[in-house]
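The values are calculated or read from the model by the stated rules, or taken from the named source; none is laboratory data. Bear in mind that the values here come from a model prediction, so they are computed numbers and not experimental data. Methodologically, a virtual Cβ is constructed for each residue, glycine included, from the backbone with ideal geometry; neighbour enumeration extends over all protein chains shown.
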Amino acid sequence: MKFLVNESSIYKKSIIKKNNLDYNVIFETSDNNKIHFTDLISLENFEKETLLNLIKNKKIFFLLIIWTENTFIAIADQVASYNILYEKKKDNTHIYLNRPKNFTINKNTAEEIYFSGYTINNHTLFQNIKSLLPGELLFITKDKFELQKWNDYQPSYLPFSKNDLDKKFNNCLEDEFITIKKNLNNKKILVPLSSGLDSRLIVSLAKNFDLEIETFTYGFQNKKDFRVAKEICEKLNLKNHQIIMNKKNSQIYKSNIFRKYLRFRDLGIKANNFGDFGPLYHLGKLIDLKEFKIMNGQSGDFISGNHLPSEIIDSKNKLEIKINDILEFSLQKHFSLWESNSQIKKRIKEKISTIYFNNIKNDIELASKYEIFEFENRQCKWVVGQQNVYDFFGIQWDLPLWKKSVMDFFSYNFSYEDKKKQRFYKDFLIKKNNLNIWKNIPINPKDTFSMSFSILRFFFKLLFIFFGKKKMV
């Protein structure tokens, strides 16, 4: 099988000589720590298993691509933080390290992006061109084209949860923060702090490990996140930068730099989630963002069970009705940025059903399949995709709750009952009450949004769709 690598790349490429061969190497990491590249080039060889052993021990977010004239290997991390595209033809494979210059728009995936912000599965905006899935490895030689999962997110449920889970989870988090502290490379920690569980967990763990921390909170005037974040930071003696996204500060979303961001690393997989873009732009006028590594709480709510549609799964309906209800729920939750006609809804529903909801035998399998569907699509493309903002501004980042060990912990230790609605996760955090910021400080108090907020929220939605649509034509 021949392959052709498009030399135009959104990633930095190096040439490494090893064993009398010249290797093209791309090793994109979220923390830009040079030690990772040093460890890579010091390997005895660049065989597939050797590379996999390296990245499994690294506990980082990355994209690794290595090729010679005869061999190509690309490895995406467990959440596909960075990606490439490939087009498999009869006798050869085209590899794209950037947006293809000559392509045909795939009308169906264009509609998926328009209604949700991202494509489904490994499909892209470009006809016949695919992307790597989370934890996927692409290996090409003259004899083979091989796609395999080095990390396969397949959450399962036990009849009863395992014992000592509080201790195991605590050890899991501590082990990850030991590694995080080791790899900080003199950076301070910057945490987007809300009133929820996940960012509070990140702040408390970082404080436990004596890391130098600052936080920032953003939103509209009188948002309750500001009050809660201030109370947490006063309790822990941390600095909290409050960025109010009023009319003046929101003008950034009309700027050329924002337009440039919307096209940043555009591979036709998703629209760029602009998440923290405005607040970080304004925060960058107050502090030097390059001194920090950003760590947010994504996506503790998902992995711990908060997104499970338990009302449907636990209903007394027959299994086939539940499956249909899950599909309808998915359309409403994930593909409703705009009203779509019945024909488009039917096509998207059938596609999701074919890829993710085939051969389901019971309720537990249905729950697992839904998690896989949301993980591969909304979570990895849209939620994790928010880190694109940090890469655009040149800020190092990490995602402690998307580490493989944390994902595995919530995937293979629980009964369905103990995972749904975050039962274990919430009980663990409140009972432990780390640094005494969990019981007496409100968690996710509801905001009463004004009409002006609703209008501005619609403006953001309209802005996203406008630029997303322009990118497709």
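Annotation note: of Ser161, Ser204, Ser199, the sole residue that is in contact with a helix residue (DSSP H, G or I) (Cβ under 9 Å, 6 or more places away or on another chain), modelled with pLDDT of 95 or more and within 28 Å of Glu365 (Cβ to Cβ) is Ser161. Which members of region 180-193 meet the condition of being crowded, with 17+ Cβ neighbours inside 10 Å and either modelled with pLDDT of 95 or more or among the β-branched types (Val, Ile, Thr) (or both)? Correct list: Ile180, Lys187, Ile189, Leu190, Val191, Pro192, Leu193. When Ser81, Ser131 are checked against the criterion of being among the small types (Gly, Ala, Ser), on the phi < 0 side of the Ramachandran plot and touching a helix residue (DSSP H, G or I) at 6+ places or on another chain (Cβ under 7 Å), a single residue qualifies: Ser81.
Screening Ser353, Ser330, Ser340 for residues that are surrounded by 13 or more Cβ atoms within 10 Å (Cβ to Cβ), of a type in the set (Ser, Thr, Tyr), touching a residue at least 24 places away in the same chain (Cβ under 8 Å) and not in a helix (DSSP H, G or I) leaves exactly one candidate, Ser340. Summed over region 172-189, residues that are of a type outside the set (Lys, Arg), in a helix (DSSP H, G or I) and within 16 Å of Ile60 (Cβ to Cβ) total 6. Counting only residues that are among the basic types (Lys, Arg) and in a helix (DSSP H, G or I), which one in region 417-449 is surrounded by the most Cβ atoms within 10 Å (Cβ to Cβ)? The selected residue is Lys419.
Considered as a group, the residues in region 1-14 that are modelled with pLDDT under 95 and of a type in the set (Gly, Ala, Ser) include one that is surrounded by the most Cβ atoms within 10 Å (Cβ to Cβ), and that residue is Ser9. In region 262-286, the residues that are of a type in the set (Ser, Thr, Tyr) never reach a residue that is in a helix (DSSP H, G or I) and crowded, with 21+ Cβ neighbours inside 10 Å with C-beta atoms less than 7 angstrom apart, at least six apart or across chains. Of all residues in region 372-393, none are in a loop (DSSP other than H, G, I, E, B) and surrounded by fewer than 16 Cβ atoms within 10 Å (Cβ to Cβ). Inside region 377-404, residues that are within 28 Å of Glu328 (Cα to Cα) and within 9 Å of the chain's Cα centre (by Cα) make up a count of 10. Filtered by the rule that a residue be in contact with a His (Cβ under 9 Å, 6 or more places away or on another chain) and either assigned by TED's automatic domain parsing to the domain that holds Phe177 or part of a strand (DSSP E or B) (or both), region 50-99 gives Phe62, Leu85, Tyr86, Glu87, Lys88.
Taking region 227-249 as the range and being at pLDDT below 95 and within 25 Å of the chain's Cα centre (by Cα) as the test, only Met245 passes. Could you list, in sequence order, all residues of region 230-286 that are of a type in the set (Val, Ile, Thr) and either within 16 Å of Phe220 (Cβ to Cβ) or in contact with a strand residue (DSSP E or B) (Cβ under 7 Å, 6 or more places away or on another chain) (or both)? Selection gives Ile243, Ile244, Ile252, Ile269. Among the residues in region 301-311, are any acidic (Asp, Glu), within 22 Å of Lys421 (Cβ to Cβ) and under 23 Å from the mean Cα position of the chain (by Cα)? Yes; the residues of region 301-311 include at least one that is acidic (Asp, Glu), within 22 Å of Lys421 (Cβ to Cβ) and under 23 Å from the mean Cα position of the chain (by Cα).
Among the conditions (1) free of Cβ contacts under 8 Å to residues at least 60 places away in the same chain; (2) closer than 27 Å to Ile364 by Cα; (3) in a loop (DSSP other than H, G, I, E, B); (4) of a type outside the set (Lys, Arg), the only one that Asn121 does not satisfy is (1).
Counting only residues that are surrounded by fewer than 17 Cβ atoms within 10 Å (Cβ to Cβ) and either without any contact (Cβ under 8 Å) to a residue 12 or more places away in the chain or aromatic (Phe, Trp, Tyr) (or both), region 90-118 holds 3 of them.
Yes/no per residue for (1) over 21 Å from Lys420 (Cα atoms); (2) touching a helix residue (DSSP H, G or I) at 6+ places or on another chain (Cβ under 8 Å); (3) free of Cβ contacts under 8 Å to residues at least 60 places away in the same chain; (4) of a type in the set (D, E, K, R):
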site	(1), (2), (3), (4)
Asn170	no, yes, no, no
Leu184	yes, no, no, no
Lys187	yes, yes, no, yes
Leu193	yes, yes, yes, no
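Tell me yes or no: at least one residue of region 15-38 is touching a Leu at 6+ places or on another chain (Cβ under 9 Å) and loosely packed, with under 13 Cβ neighbours inside 10 Å. No: region 15-38 contains no residue that is touching a Leu at 6+ places or on another chain (Cβ under 9 Å) and loosely packed, with under 13 Cβ neighbours inside 10 Å. Looking at region 192-307, the helices (runs of 4 or more DSSP H) lying wholly inside it that each contain 3 or more residues that are over 30 Å from Ile129 (Cβ atoms) and polar (S, T, N, Q) sit at 198-208. Whenever a residue of region 25-40 is within 16 Å of Asn186 (Cα to Cα) and free of Cβ contacts under 8 Å to residues at least 24 places away in the same chain, it has no partner that is in a helix (DSSP H, G or I) and not hydroxyl-bearing (Ser, Thr, Tyr) lying with C-beta atoms less than 6 angstrom away and at least six residues away or across chains. Residue check: is Asn108 farther than 18 Å from Val406 by Cα, out of contact with any Phe, Trp or Tyr (no Cβ under 7 Å at 6 or more places or on another chain) and outside any loop (DSSP other than H, G, I, E, B)? Yes: the conditions hold for Asn108.
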